[in-house]
1. Within the stretch 43-51, is there a residue that is within 17 Å of the chain's Cα centre (by Cα) and hydroxyl-bearing (Ser, Thr, Tyr)?
2. Contact list please: Cβ distance under 9 Å, first residue in the stretch 4-27 and within 16 Å of Thr151 (Cβ to Cβ), second residue assigned to a helix (DSSP H, G or I) and among the acidic types (Asp, Glu), pairs at least six apart or on different chains.
3. Residue by residue through the stretch 28-44, note down the ones that are surrounded by fewer than 22 Cβ atoms within 10 Å (Cβ to Cβ) and either in the same structural domain as His85 (by TED's automatic domain parsing) or in contact (Cβ under 8 Å) with a residue 40 or more places away in the chain (or both).
4. Would you mind telling me which numbered condition in (1) modelled with pLDDT of 95 or more; (2) out of contact with any Gly (no Cβ under 7 Å at 6 or more places or on another chain); (3) within 26 Å of Arg346 (Cα to Cα) Asp252 fails?
5. Can you say whether Arg269 is surrounded by fewer than 18 Cβ atoms within 10 Å (Cβ to Cβ) and in a helix (DSSP H, G or I), as far as the supplied structure shows?
6. Of all residues being in a loop (DSSP other than H, G, I, E, B) and among the charged types (D, E, K, R) in the stretch 305-353, which is nearest to the chain's Cα centre (by Cα)? Just the residue, please.
7. Look at Lys126 and say whether it is closer than 20 Å to Arg55 by Cβ and assigned by TED's automatic domain parsing to the domain that holds Pro58.
8. Looking at the stretch 320-340, is at least one residue without any contact (Cβ under 8 Å) to a residue 40 or more places away in the chain, touching a Leu at 6+ places or on another chain (Cβ under 6 Å) and within 15 Å of Arg21 (Cα to Cα)?
Amino acid sequence: MKQFDYIVVGQGLAGTILTYRLQSEGKSVLVIDKHREVTSSKVAPGAYNPMVLKRFTPCWNVDEQLEPLYSFISDFEQKFQVTIHEPIKLHRLFKSVLEQNLWMEKSEKKSLSAFMNPNFIPNTNKFIEADYGFGEVKHSGRVKLAKMISTFKAHLVKQDCLLDQDFDFSDLSYSDDSVTYKSFTAGKIIFCEGHRLSLNPLFNYLPLMRTKGELLTVRMKGLDLKEHLKSSVSILPLGNDLYKVGATFNWDEKDEICTEKAKVDLLARLSTFVNIPVEVVEHQAGLRPTVKDRRALIGQHPKFKSLFVFNGLGARGLLISPLLSKEFVQYLEEGTSLNSEVNINRYQDNYPC
């Protein structure tokens, strides 16, 4: 039997950042993750910003999230000598004078003044229809998630602590102070499976929803857009006339199959404010792990004390995961309390006795 401090199941965004955090604390970790070309973490454009731009409100707990995010990025890039972060301006397209006025009003609020440029940005791009200009969001950027995940995977392989296979629950046994999986033992196991948590027999009582999202990579020659632009769809520049356009939200379909309907919808919404020929280069789909109350699912199993979950990070997983992983490791190692808004204890009544 080979001994580890932790077993982590899943190496998407959540599993990567949590395992990185555990290893940084000197803990030995075995990661179990079946390689898949398409996952929500790898498909996601990796853009982050501190605001909900539909209503001009701050993201949940955002004042505490940015510093851990920047610290994680800096540490990761330094450790692995890679660049995964792209600071990029974010512009919210205004559709009316009413939206301009609301932006000005909100930018004066203490909770938002650090994130909003109160001055309107005029539109100078002849291929974009934005008569009322843009609002600029501060502290925005992009992390190349696929590169981050593949870099860390190579690190795990080099350390001989990655099993590239589907997790088989029939090979798992556990007590209150240890777990055994095949020929490996650990003090604790943490499930970071993304949307597959809904199929986990130990944690499927939690209200995780699989939310399908589709996005396009398109070529728009001559658009020359330098900023991340938000309107009825998001346009994220990739360089060389390529842009990510997305994304859809579909709560009914539970597969990762690209649909013509979503493609047509995204292109139609794009055409409402971009007036330039569009060539679709790639069409991708993924399933996001979302929760009905829009809060993550973190904590200890209500009955089996060596089983844990770190999941349900949703569409803002990149922004929130560095802070939540830090707090979770403190909870695991030091016995501190978890934020009640993300602690799975809030769904205790869902667990079948």
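1. Going through the stretch 43-51, the residues within 17 Å of the chain's Cα centre (by Cα) turn out to be 43-51.
This time we only want the ones that are hydroxyl-bearing (Ser, Thr, Tyr), so: 48.
For the stretch 43-51, residues within 17 Å of the chain's Cα centre (by Cα) and hydroxyl-bearing (Ser, Thr, Tyr): present.
2. Tyr20/Asp75; Ser24/Asp75
3. Ser28, Lys34, His35, Val38, Lys42
4. Condition not satisfied by Asp252: (1).
5. Numbers: surrounded by fewer than 18 Cβ atoms within 10 Å (Cβ to Cβ): yes; in a helix (DSSP H, G or I): yes.
Yes; evaluated as a whole, the condition is true for this residue.
6. By that ranking, first place goes to Glu341.
7. So Lys126 fails the test.
8. Yes - at least one qualifying residue is present in the stretch 320-340.
The values are calculated or read from the model by the stated rules, or taken from the named source; none is laboratory data. Being a predicted model, the structure only gives us computed values, none of them experimental. Reconstructed Cβ throughout: ideal geometry from the backbone, glycine too, with neighbour counts over all protein chains shown.
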